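One structure is given below, encoded as structure tokens.
The values are calculated or read from the model by the stated rules, or taken from the named source; none is laboratory data. In this text, all values refer to a predicted model and were calculated from it rather than measured experimentally. Cβ sites come from the backbone with ideal geometry, for glycine too, and all protein chains shown count toward neighbours. Only protein heavy atoms, including side chains, enter the accessible area calculation; ligands, DNA and RNA are left aside. Shrake-Rupley method; radii C 1.70, N 1.55, O 1.52, S 1.80 Å.
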Amino acid sequence: MAYIIKPLVTEKMTNITEKQNKFGFVVRPEANKLQIKAEVEARYNVSVVSVNTMKYAGKNKSRYTRAGLLKGRTNAFKKAIVTLKEGETIDFYSNI
């Protein structure tokens, strides 16, 4: 079962990757650290040292428009920060 949904490629995550050799992924909410570690190692052929996870709750959002008040909610998600063995890296742009 695929637990990784997509890699996180943001400005903040890129800075962490360059300084500390850590990579971020959006993962399924039911995935645990062992499953995430196994999938990253299998998919990218790297050695994972540690995995940190965090859950984000969805937030209520509203905005005023000409049609009136629009209300909605952002999605809840789980994020995993994966630390790789020294000297190893993941290239997210190799498939493009």
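A few comments on the model shown:
- Candidate residues ILE5, ILE81: accessible-area rank, largest first, probe 1.4 Å: ILE5, ILE81
- Long-range Cα-Cα pairs in the range 1-87 (distance over 21 Å), rounded percent: 40 percent
- Put simply, the amide H of VAL49, placed in the peptide plane, has neighbours under 5 Å in THR83, LEU84, LYS85, leaving out anything fewer than 5 places away on its chain.
- Simple spin-label estimate for GLN20 and ASN60 in nanometres, 7 Å along Cα-Cβ: 3.3 nm
- Of LYS19/LYS55; LYS6/LYS78; LYS22/LYS55; LYS12/LYS71; LYS19/LYS59; LYS37/LYS79, pairs whose Cα-Cα distance is over 22 Å: LYS19/LYS55; LYS12/LYS71; LYS19/LYS59
- Heavy atoms of LYS6 accessible to a 1.4 Å probe, total area in Å² rounded to 10: 110 Å²
- ARG28 exposes around 80 Å² of accessible area when a 1.4 Å probe is run over every protein chain in place.
- Accessible area of TYR56 in the full protein assembly, 1.4 Å probe (Å², nearest 10): 90 Å²
- Dipole of the chain, positive end: most advanced residue of GLN35, TYR56, THR74 [Cβ charges, Cα centre]: THR74
- Per residue, the average separation of C-alpha pairs within less than 8 Å and at least 6 apart gives the chain a relative contact order of 31 percent.
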